[in-house]
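What follows is one structure encoded as structure tokens, with my remarks underneath.
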Amino acid sequence: MKSKTNNLMRNTLIASSLFAVSVSAFAVTGDSNQPIHIDSAQQSLDMQGNTVTFTGNVVVKQGTIEVKADKVVVTRPQGTQGSEVVEGYGNPVTFYQMQDNGKPVKGHAQKIRYELAKDFLVLTGNAYLEQQDSNVKGDRITYLVKQQQMEATSDKGKRVTTVLVPSQLQEKENKSQPSRSQQPQPRVTE
């Protein structure tokens with residue numbers, strides 16, 4: 001029984017680690033170099049505040065990334081290019097991205113904030129991320145894109161929930177381990 005519990009704990013830790021590493025949302029090769037297309041019912045520009053606000057069924061597309069929101073605000077602090085902050089608001093804000101491995105990542109939250117200079121993503125308010133059938137839910141999910149580090153938290157009295165699908169984890173483990181024929185074979189010398 002103890003061995004079964006240890007195996008379950010080990011598998012849960014491995015699964016959590018694999019899921020956290022695999023959710024490289026907003027990090028698909030080439031997406032960040034693509035032009036950004038924004039469609040909305042209305043937009044307003046505040047030149048002194050370096051802010052553009054898009055409202056009414058906003059759709060933002062960049063490469064394979066698609067974000068849908070009620071409102072999107074893009075701010076360029078001190079007018080410095082490359083330091084833009086993008087905030088999406090909705091009920092919920094949704095996003096979708098196809099990854100290099102051909103598998104989509106999708107999610108939603110009440111608010112999504114992306115800081116371009118830090119490559120930092122924050123989902124708040126019923127935050128949810130999904131890849132294949134595995135997912136994580138919490139009140140807040142933060143993600144450092146380049147470091148591929150994710151943290152999910154919930155408000156006091158609430159819990160973070162993660163669903164992991166064992167068959168998908170085994171598939172990842174099998175791909176990361178070389179097959180028997182690829183493993184180095186002992187050399188016999190005479």
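Consider region 40-57. How many of its residues are assigned to a strand (DSSP E or B), surrounded by fewer than 16 Cβ atoms within 10 Å (Cβ to Cβ) and among the hydrophobic types (A, V, I, L, M, F, W, C)?
Matching residues across region 40-57 total 1.
Determine which member of the set Val85, Val74, Val58 is more than 16 Å from the chain's Cα centre (by Cα) and free of Cβ contacts under 8 Å to residues at least 24 places away in the same chain.
Val74
How many of the residues in region 139-154 are modelled with pLDDT of 85 or more and not basic (Lys, Arg)?
Total meeting the criteria: 7.
Among the residues of region 120-132, is any modelled with pLDDT under 85 and either loosely packed, with under 12 Cβ neighbours inside 10 Å or of a type outside the set (S, T, N, Q) (or both)?
Scanning region 120-132, I find at least one residue that is modelled with pLDDT under 85 and either loosely packed, with under 12 Cβ neighbours inside 10 Å or of a type outside the set (S, T, N, Q) (or both), so the answer is yes.
Please verify whether Thr80 is surrounded by 10 or more Cβ atoms within 10 Å (Cβ to Cβ), of a type in the set (Ser, Thr, Tyr), closer than 19 Å to Arg113 by Cα and modelled with pLDDT under 90, treating the condition exactly as stated.
It is true that Thr80 is surrounded by 10 or more Cβ atoms within 10 Å (Cβ to Cβ), of a type in the set (Ser, Thr, Tyr), closer than 19 Å to Arg113 by Cα and modelled with pLDDT under 90.
On the given criteria, is Val136 buried (at least 20 other Cβ atoms within 10 Å of the Cβ), over 11 Å from the mean Cα position of the chain (by Cα) and either modelled with pLDDT of 90 or more or among the charged types (D, E, K, R) (or both)?
No, not satisfied.
Take Arg159 and tell me if it is outside any helix (DSSP H, G or I), without any contact (Cβ under 8 Å) to a residue 24 or more places away in the chain and farther than 30 Å from Gln42 by Cβ.
yes
Return the residues of region 80-127 that are over 23 Å from Asn57 (Cβ atoms), among the acidic types (Asp, Glu) and assigned to a loop (DSSP other than H, G, I, E, B); say none if nothing qualifies.
Across region 80-127, the qualifying residues are Asp100, Asp119.
The values are calculated or read from the model by the stated rules, or taken from the named source; none is laboratory data. All values reported here derive from a predicted model rather than from experimental measurement. A quick note on method: Cβ atoms are made from the backbone with ideal geometry, for glycine too, and the neighbour counts reach across all protein chains shown.
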